[in-house]
Amino acid sequence: MLSRLPAASLLELSFMIGTIRHRSGRLLLPALLLFFLAACRGNNAADQPPAATIAVAVTTAEAPAPTARPAVTPTATFVVPFPAPGEDTGRAEGDPTLPTRTPTPAASGAEALPAPVCNGLTPAAAEGEFYLPNTPERAVLREAGMAGVSLRLSGYVLGPDCAPIPGAWLDFWQADADGVYGTGSFRLRGHQFTDTDGRYMLETIVPGAASGRAPRLYVKVQTPGGAVLTTQLFFPDDPANAADAEFQPALVVTPAGEGMASFDFVVATP
């Protein structure tokens with residue numbers, strides 16, 4: 001251990017030993033021992049690597065493999081739910097305001113329709129304040145003894161590529177011949193679906209003018225999984241069309257014979 005002491009420390013130790021010989025060695029011996037122990041501790045500390053060296057050794061050690069990140073699940077795109085046929089279960093079976101339930105007829109057995117008209121997407125129009133959801137599934141809105149001129153409206157539901165869309169949902173509602181809406185019942189209301197060729201057919205009456213507006217049919221159209229188009233259909237050459245703020249020439253039905261008209265809806269697809 002003495003051999004590890006620096007030369008200056010050895011000289012100081014020799015000097016102190018000589019001094020002790022001239023003075024009372026018994027009195028200074030404890031001080032000498034303390035000095036000797038301090039010198040030994042300093043040498044032991046000098047033998048240790050510097051703190052910086054230790055830190056480098058730690059940082060250069062091989063790091064553990066990182067934990068794999070879980071796959072990110074993309075957020076689902078919101079799609080308007082496709083409506084299901086429904087009935088108004090809040091009415092008693094004997095309620096006289098209940099409309100006659102007539103299943104949607106297959107348009108395949110009907111008269112041949114003209115070629116589809118596809119001139120861009122059908123424009124939307126306001127829904128108004130008389131819409132009721134969960135209408136009965138039926139294609140005949142005209143009821144026995146109902147006043148008004150009979151009307152048969154038919155056509156296609158087409159995609160932007162002009163291809164017919166089978167199973168598209170159409171929900172119609174309208175005023176009666178006096179321009180009155182059946183707000184307390186499903187009178188002159190009903191929904192249906194296009195057939196396998198993308199065709200629909202509606203039997204109803206020509207609506208009367210309501211609230212100073214032109215006669216019109218309201219309709220909602222939706223392809224399976226697509227967005228709902230709400231629009232209105234107008235009649236040609238009606239003098240009230242010019243003063244109706246919501247009238248659009250693109251929403252005029254095409255006459256197809258006595259009491260018959262056609263209109264093709266072109267809607268966006270998912």
(request) Just add up the charged neighbours of residue 156: K/R +1, D/E -1, any other residue whose Cβ is under 9 Å from the Cβ of residue 156. (result) -1
(message) Can you give the FRET efficiency to the nearest 0.05 for residue 260 and residue 196, using r as the Cβ-Cβ distance and R₀ = 25 Å?
(response) 0.65
(request) Scale the Cα Rg of segment 117-205 by the rule-of-thumb value 2.2 N^0.38 Å and send over the ratio, two decimals. (result) 1.16
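May I ask you to sort 131, 181, 200 by Cβ crowding, counting other Cβ atoms within 10 Å and putting the fewest first?
Numbers: 131 14, 181 22, 200 27.
Lowest to highest Cβ neighbour count: 131, 181, 200.
Between residue 130 and residue 240, what length in nm is gained on full extension when 0.36 nm per residue of separation is reduced by their alpha carbon distance? Display every interim value, and only then the final one.
Working: separation 110, 0.36 × 110 = 39.60 nm, distance 2.03 nm.
Taking residue 130 through residue 240 to full extension adds about 37.6 nm, to one decimal.
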(request) Take the alpha-carbon centre of segment 110-188, take the same for segment 241-270, and report the distance between them in whole Å. (result) 11 Å
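Coordinate-derived values only; no laboratory data. None of the values given here were measured: they were computed from a predicted structure. As a convention, Cβ positions derive from the backbone with ideal geometry for all residues, glycine included, and neighbour counts pool all protein chains shown.
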